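Input: a single structure, listed below in structure tokens.
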Amino acid sequence: MRERFGIEMPVQRRTVFWVGLCLGFLALLWLLRAVLLPFALGMAIAFLLDPLVGWLERHGVRRAIAATGIILTFFAIASAVIILITPVILEQVSALAVRLPGLLAWARDALLPWVRHLFERFHVPIPAGLSEPSGAAMQRVAAIVTALVGGVLSRGLALFNVVALLAITPLVAFYLLRDWPKIVAQVDDWLPRQHREVIREQVAKIEEVLSGFARGSALVCLAQAIFYAVALTAVGLDFGLIIGLSAGFISFVPYVGALFGFLSSVGVALYQFWPDWVRVAGVGGIFFFGQFMQDYVLVPRLVGDQVGLHPLWVMFGVLAGGALFGFLGVLLAVPACAVIGVLLRFALGRYKESHLYLGDA
């Protein structure tokens, strides 16, 4: 009877069981990736707001009431911000769509002599596409961009319904915030008795890493988005709001946000301000200053040094998650990196205590 329920199951069989369970869970995630986005967003919002709900509960507010009030307030503020900035964003997107062919043509004409010089210097045949007129090249680029945007929009609408996303996400966040203690107790009851304390210890470390990185990175991204958007708009850069917000919100991937913002904003500044190098340098300096503040002020204060997530590991995780699961994979990349990092450190510690590492000694 004891063997039937796995209490005396051999180590090999237990290993196969847990590995198979993890692989099955990953396969299920991959199969359901098209419908998991609102649930992932709801879980992320609930994780960020749970400390506030816990604080209110400790001060005498019922958890259901606290969760309801916080969710309504959070989405009311988010909706107000979206309503306020959407007209400006749409205006800049429309203007960018109109001016994009001219911007691309200018960039091509400015860079083409340098590219040809490099090809000739290294005795490399010049591709035929570099020799065609700017008008024909821009028509090809415009056709490619139009097809790409249309494909992205059609696939995005096929993957999830925007109305369903906006309706389901608050419900997921609310129920998780309201029932979080019950969920934790239930999952804790499912843990194997023999390894319960070890699992609890690792889960506590995972939560510490996620709390430090996810909440801190969210504040860093918000601060960077506001700074870049305001600074670029203040210097008069066209499309500064779009570039600043985009660079800030993707700055959770180390250096990617600043690099994207620097290249796109300096390119637009060269097109808009040339030959005024002072204004172009000022636009570039905004991102150098922003990256300096992120590395030496925001991240040390808001994220800390104890999360144990190396920037290269985060970058790899985001790229791998995006390749496997799309936008959902990007959202889940940082939590997955945190979990894998904690588990790998635990496995490495066990390995160094094992016969495989110590040998006969």
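Laboratory data are not the source of any read-out in this text; all were calculated from the coordinates shown. As the structure is a prediction and not an experimental result, all values here were calculated from the model. For neighbour counting, all protein chains shown are included, and Cβ atoms are generated from backbone atoms with ideal geometry for every residue, glycine included.
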* Enter the Cα centre distance for the pair the stretch 163-196 and the stretch 206-236, rounded to the nearest angstrom. => 27
* Treat the count of other C-beta atoms within 10 Å as a stand-in for reagent exposure and order S251, S217, S354 from fewest to most. => S354, S217, S251
* **Gyration tensor verdict on the stretch 260-345 (Cα atoms; rounded if a/c is under 1.5, prolate if a/b is larger than b/c, oblate otherwise)** => oblate
* To do: Please give the length that would be gained between I85 and T15 if that part of the chain were fully extended, namely 0.36 nm times their separation in residues minus their C-alpha to C-alpha distance (nm, one decimal).
  => 20.0 nm
* Structure fact -> Gyration tensor on Cα atoms of the stretch 192-361, a ≥ b ≥ c root eigenvalues, a/c under 1.5 rounded, else prolate if a/b beats b/c, else oblate, says prolate
* Structure fact -> Contour minus Cα-Cα span, L191 to L319, at 0.36 nm per residue, comes to 42.9 nm
* Asked: Where does each of V299, V342 land when they are ranked from fewest to most other beta-carbon atoms within 10 angstrom?
  -> V299, V342
* To do: State, to one decimal in nm, how far the label point of F327 lies from the label point of Q202, with both points 7 Å from Cα in the Cβ direction.
  => 3.3
* Y175-L263 pseudo-label distance in nm [points 7 Å out on the Cα-to-Cβ vector] -> 4.2
